[in-house]
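Q: The structure follows.
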Amino acid sequence: MEAARRWPSQPGVRRNLGRFWYDHRMGDVAVIGSGVIGLTCALRLAEAGHRVEVVADRRPPDTVSAVAGGLWFPYRAAPPDRVLRWGAVSLSRFAALAGEGGNGVLLREGVVLHRRASPDLGWTAAVRGHRPASAAELPGGAVSGVVCTLPVVDLPVYLEWLVGRCARAGVRFRSATVGRLAELPQERVVVAAGLRSGELTGDPSLAPVRGQVVRLANPGLTRWVVDDDNPAGMAYVIPRDGDVVCGGTADEGESDLAVDPAVERAVLARAVALAPELRDAPVLSRAVGLRPVRPSVRVDRVERDGRVVISCYGHGGAGVTLSWGCAEDVVELAGR
Ligand SMILES: Cc1cc2nc3c(=O)[nH]c(=O)nc-3n(C[C@H](O)[C@H](O)[C@H](O)COP(=O)(O)OP(=O)(O)OC[C@H]3O[C@@H](n4cnc5c(N)ncnc54)[C@H](O)[C@@H]3O)c2cc1C
């Protein structure tokens, strides 16, 4: 097997994976996609006893998932009732992972700011221990806020951890682009291909919502801030261990992956207004990702040409937030 087909290639993981490199034995479930959705589904399916093969043409560090700020927050995902249920499952799973360490998951307090009189607070039903922000916690222009402790996931670390967990559970990995589901030998296929899922299922309802972030050296921040209603543009500051993710943008239908320096300057200005400690923090990296937005997240099962096709895509700005809950439904839909 040539080197290009061996993956994951992250140094810390490759060491543990020699016996899991793709070896032409096919599992009974194929998962297309190795973003946070595909990997979480693969792990839960393997833990449920399935033989699983992940097929993907982009490795975890090169996926949209690796760009995510990593805050548990149900942004740009519907329908509300399922999102709440999936989000609640993920919340408790991430809380448990935060206690284990070594996986990039932290629990951190922060504030969701509101600039309108009647904000949508539906998401708080999943969150224990939230409270109204005090006046001292509200920057100028914010009329209210919700303070709570939520998971903050450092995606590059977490995706690598997920790959390692998958490998230990027996999941095999293959680098390939799937043109048609009929190419796959497995009778059960999970489509977790993010924005490109519709090409495989014949679903035209996915659209990109472009997001640009800049990551700064962390001057010691621990508290995150979300300011989606900011009239100058959505803004968030998410401190992780080694950096602070500053965003963001939400450009409907835009798919340009180039970093726009003018947009970055504006993102930084909004971030510094929320967290003045960031003023002189050095830029470590920058990224653009396309959120896979759909009128509603698709998690269902159909039978087509003698094959079971389970869809799990369209997670919008909440793929991390919904990942564990959706994976539970996928296991249920896969059956035995
Ligand atoms: C700037 C930004 C900030 C965000 N912040 C957050 C946040 O704080 N919290 C949160 O919960 N969410 C956040 N999100 C949203 C989150 O990143 C996405 O919802 C999530 O990454 C979607 O994951 P996915 O696994 O479906 O897709 P992806 O990560 O895009 O993975 C798709 C996978 O499918 C593979 N693939 C696609 N087509 C094929 C094919 N035909 N053949 C083989 N392989 C294929 C790709 O190679 C890739 O491996 C953010 C997104 C952006 C852009």
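The values are calculated or read from the model by the stated rules, or taken from the named source; none is laboratory data. All of these numbers come straight from a predicted model, not from anything done at the bench. In this analysis, Cβ positions are derived from the backbone assuming ideal geometry, glycine residues included, and neighbour counts consider all displayed protein chains. Note: areas computed on protein heavy atoms with side chains; ligands, DNA, RNA excluded. Shrake-Rupley method; radii C 1.70, N 1.55, O 1.52, S 1.80 Å.
Q: Given a 1.4 Å probe, how much area per residue of the chain is accessible, in Å²?
A: 42 Å²
Q: In the stretch 121-234, if every C-alpha pair distance is counted and binned at 10 Å from zero, what percent goes to each bin?
A: Taking every Cα pair in the stretch 121-234, the percentages come to 8, 24, 30, 23, 13, 2.
Q: Given N residues in the chain, what is its alpha carbon radius of gyration divided by 2.2 N^0.38 Å?
A: For the chain, the normalised Cα radius of gyration is 0.98.
Q: A follow-up question, please. Quick check: the angle from helix 80-100's long axis to the longest principal axis of the chain, C-alpha only, nearest 10 degrees?
A: The helix 80-100 is inclined about 90 degrees to the chain.
Q: Which residue, 211, 142, 178, has the largest displacement toward the positive end of the dipole of the chain when charges sit on each Cβ (Lys, Arg +1; Asp, Glu -1)?
A: About the Cα centre, the residue reaching furthest to the positive side is 178.
Q: If you don't mind, there's one more thing I want to ask. Just to verify a number: what accessible area does residue 301 come out at with the full protein assembly present, 1.4 Å probe, Å² rounded to tens?
A: Rounded to the nearest 10, the figure is 100 Å².
Q: Next up: Rounded to the nearest 500 deg cm²/dmol, what is the calculated helix-only ellipticity per residue at 222 nm for the chain, with -39500 (n - 2.57) per DSSP H run of length n ≥ 4?
A: Rounded to the nearest 500, it is -8500 deg cm²/dmol.
Q: Nearest-5 percent of antiparallel DSSP beta bridges in the chain?
A: Restricted to the chain, the bridges split so that about 70 percent are antiparallel.
Q: Another question, if that's okay. Could you tell me what percent of the DSSP beta bridges with both partners in the stretch 20-146 are antiparallel, to the nearest 5?
A: 50 percent
Q: Could you please state how large a percent of the accessible area of the stretch 32-124 is carbon and sulfur, counting protein chains only and using a 1.4 Å probe?
A: On the stretch 32-124, the fraction of accessible area on carbon and sulfur atoms equals 53 percent.
Q: Dipole size in debye (nearest 20) for the chain around its Cα centre, Lys and Arg Cβ +1, Asp and Glu Cβ -1?
A: 720 debye
Q: Ratio to report: Rg/Rh of the stretch 154-212, with Cα atoms as the point set and Rh obtained by the Kirkwood method; give two decimals.
A: So for the stretch 154-212, dividing Rg by the Kirkwood Rh gives 1.02.
Q: For residue 116 and residue 305 in the same chain, what is the full-extension length gain: residue separation times 0.36 nm, less their Cα-Cα distance, in nm?
A: Extra length from residue 116 to residue 305 when fully extended: 63.0 nm.
Q: Stretch residue 199-residue 85 to full length: gain in nm at 0.36 nm per residue minus the Cα-Cα span?
A: 38.3 nm
Q: Any chance you could check the Cα centroid distance between the stretch 268-326 and the stretch 177-194 for me, in angstrom?
A: Answer, in whole Å: 21.
Q: Quick one: what are the phi-derived ³J(HN,Hα) couplings along the stretch 216-230, Karplus 6.51/-1.76/1.60 with θ = phi - 60°, whole Hz, x for glycine and proline?
A: Calculated HN-Hα couplings, in order: 10, 4, 7, x, x, 6, 10, 9, 8, 9, 10, 9, 5, 8, 3 Hz.
Q: Still on this model: Which of 152, 60, 194 sits closest to the plus end of the dipole of the chain, meaning its Cα is farthest towards the positive end, when Lys and Arg get +1 and Asp and Glu get -1 on the C-beta?
A: 60
Q: Rounded to the nearest percent, how much of the accessible area of the stretch 244-319 (1.4 Å probe, protein heavy atoms only) is carbon and sulfur?
A: 49 percent
Q: I would also like to ask the following. State, as an integer percentage, the relative contact order of the chain based on alpha-carbon contacts under 8 Å between residues 6 or more apart.
A: This gives 26 percent for the chain.
Q: How big, on average over all directions, is the shadow cast by the Cα convex hull of the stretch 48-187, in nm²?
A: For the stretch 48-187, averaging the hull's shadow over all directions gives 11.3 nm².
Q: Within 12 Å, Cβ to Cβ, of residue 243, how many net charges do the neighbouring residues add up to if Lys/Arg are +1 and Asp/Glu are -1?
A: My count for the surroundings of residue 243 gives +1.
Q: Right, another one. Measure nothing fancy, just the Cα-based angle from helix 36-47's long axis to the longest principal axis of the chain, in degrees from 0 to 90, nearest 10.
A: Relative to the chain, helix 36-47 is tipped by roughly 50 degrees.
Q: With all protein chains present, how much of the accessible area of the stretch 127-179 (probe radius 1.4 Å) comes from carbon and sulfur, to the nearest whole percent?
A: 54 percent
Q: Tell me the angle of helix 155-168 to the major Cα principal axis of the chain, expressed in degrees between 0 and 90 and rounded to the nearest ten.
A: Roughly 30 degrees, rounded to the nearest 10.
Q: Shifting gears a bit: Toward the positive end of the charge dipole of the stretch 214-336, about the Cα centre and with charges on Cβ (Lys, Arg +1; Asp, Glu -1), which of 261, 220, 311 goes farthest?
A: Comparing the listed Cα positions along the dipole, 311 ranks first.
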